[in-house]
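Undergrad: Handing you a structure now.
The values are calculated or read from the model by the stated rules, or taken from the named source; none is laboratory data. All values reported here derive from a predicted model rather than from experimental measurement. Every residue, glycine as well, gets a Cβ built from its backbone with ideal geometry; the counts of neighbours run over all protein chains shown.
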Amino acid sequence: MILGVIYALLSAMCFAANRVFVRKGSLVGDVYIGTVLTVFIGPFIIGLYALLVGQIGMLTKFTLAGYIFLIVAGIIHFFVGRFLTYHAIHYVGANRAGVISSLVPLWSIFLGILILNERLSLPMAIGVFLILGGTFLASYKPVGGKTLSRQDFLRGLILAILGSVAYGTSPIFIKLGMTVKAPVAALLISYLSACVVVLLMLAVKPEVRQRMSELRGAGGGSFFVAGFTVAFAQIFRYFALALIPVSLVSPLQYTNTLMTIGISFLLLREVESFTPQVLGGAVLTFGGILLVFAGRGA
């Protein structure tokens, strides 16, 4: 039990570090190419882990429908969601983007009601209200840290919301694609599908290949670290899920919003926002997430 909680918190910390290093890399590098780089790093780490736990052989065991759903999930989550979220971090910072990304459970609730006929309990309704309130608070009046233009702020806000939609809908496809109980193999399939999309993009867009060759120095190093941290975040998440219920793992994962603020304070205090609005919004959204998951278990 305790070990599972530790793994869940380590996963949250890695997700938080990922946001901060994406932000750090985007200050001096190309966030578009940084996104591509992190997609490529993932399969190597996840592949080694799949080999370690004996799930490489399970890659050929899924049904055709399972492969299709996992491929769709990978493209939505690891390419579209990551592309949108990383660009949001570039525009509005890791702290504010992290709070806005906490909208993910709302899309899961919406799809659960729409597709699975789930019921909205009172704790869930209160949690939704708190998440929306916290997101609004963190998004209001962009002051403190690096000065933001209105255009950049609105662009980052929209990208963060769209990224949360991608992250919130991909679990539906993952669940539909899990025709075999091999979660690490499923994760690898999804990651590889995102890599294929990136390779196709590199093949048809020579300007992207040119930008890849220019990625070096501090920006490249930060994006490399971001790629490793997000891959290990996924691994720690699966370690946690193997030991404790998902109803406990999920809310622990969302402590990454608060952890992002802490790591940003250590590494990016000159450029990140630490206003009362952002800090209060983070606390409200985390409280709302706890209520949402408590309501689901009721």
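Undergrad: Looking only at region 234-266, how many residues end up being among the aliphatic types (A, V, I, L, M), farther than 11 Å from ALA8 by Cβ and buried (at least 17 other Cβ atoms within 10 Å of the Cβ)?
TA: 5
Undergrad: Let me ask something else about it. With the checklist (1) closer than 17 Å to ARG237 by Cβ; (2) touching a His at 6+ places or on another chain (Cβ under 7 Å) in hand, flag the one item SER26 doesn't pass.
TA: Against the list (1) closer than 17 Å to ARG237 by Cβ; (2) touching a His at 6+ places or on another chain (Cβ under 7 Å), SER26 comes up short only on (1).
Undergrad: Within region 252-284, take every residue that is polar (S, T, N, Q) and more than 19 Å from ALA233 (Cβ to Cβ) and give me the one that is nearest to the chain's Cα centre (by Cα). Spell out the reasoning first.
TA: Taking region 252-284 as the starting set, the residues that turn out to be polar (S, T, N, Q) are 253, 255-257, 260, 264, 273, 275, 277.
Add one more test, that the residue is more than 19 Å from ALA233 (Cβ to Cβ), and what stays is 273, 275, 277.
On the way: SER273: 20, THR275: 23, GLN277: 22 Å.
Only one residue fits best here, namely SER273.
Undergrad: Is region 243-252 home to any residue that is touching a residue at least 24 places away in the same chain (Cβ under 8 Å), touching a Ser or Thr at 6+ places or on another chain (Cβ under 6 Å) and not basic (Lys, Arg)?
TA: No.
Undergrad: The conditions are (1) part of a helix (DSSP H, G or I); (2) over 16 Å from the mean Cα position of the chain (by Cα); (3) farther than 16 Å from SER101 by Cβ, and SER26 fails exactly one of them. Which is it?
TA: It fails just one condition, (3).
Undergrad: Scan region 88-106 for residues that are surrounded by fewer than 24 Cβ atoms within 10 Å (Cβ to Cβ) and farther than 16 Å from PHE286 by Cα and jot them down.
TA: TYR91, the sole residue that qualifies.
Undergrad: Could I ask something else about it? Would you confirm, using the coordinates I've provided, whether ALA17 is under 12 Å from the mean Cα position of the chain (by Cα), in a helix (DSSP H, G or I) and touching a residue at least 40 places away in the same chain (Cβ under 8 Å)? Talk me through it step by step, then tell me what you get.
TA: Values: under 12 Å from the mean Cα position of the chain (by Cα): yes; in a helix (DSSP H, G or I): yes; touching a residue at least 40 places away in the same chain (Cβ under 8 Å): yes.
So ALA17 fits the description; yes.
Rundown of residues vs (1) farther than 26 Å from ILE2 by Cα; (2) at pLDDT 80 or above; (3) part of a helix (DSSP H, G or I), yes/no style:
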| position | (1), (2), (3) |
| --- | --- |
| LEU215 | yes, no, no |
| PHE236 | no, yes, yes |
| LEU241 | no, no, yes |
| MET259 | no, yes, yes |
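Undergrad: Let me ask you something else. Residues MET201, MET178: which one is at pLDDT below 90, over 18 Å from the mean Cα position of the chain (by Cα) and closer than 21 Å to GLY227 by Cβ?
TA: Exactly one of MET201, MET178 is at pLDDT below 90, over 18 Å from the mean Cα position of the chain (by Cα) and closer than 21 Å to GLY227 by Cβ, namely MET201.
Undergrad: Then there is this: Counting just the residues of region 145-157 that are in a loop (DSSP other than H, G, I, E, B) and crowded, with 17+ Cβ neighbours inside 10 Å, which one comes out modelled with the lowest pLDDT?
TA: GLY145
Undergrad: Return yes when GLY66 is on the phi > 0 side of the Ramachandran plot and not hydroxyl-bearing (Ser, Thr, Tyr) and no when it is not.
TA: No, not satisfied.
Undergrad: Continuing with the same structure: When you go through VAL39, VAL80, VAL72 one by one, which is the residue that is closer than 15 Å to VAL196 by Cα, over 16 Å from the mean Cα position of the chain (by Cα), of a type in the set (A, V, I, L, M, F, W, C) and at pLDDT 90 or above?
TA: Result: VAL72 is the single residue among VAL39, VAL80, VAL72 that is closer than 15 Å to VAL196 by Cα, over 16 Å from the mean Cα position of the chain (by Cα), of a type in the set (A, V, I, L, M, F, W, C) and at pLDDT 90 or above.
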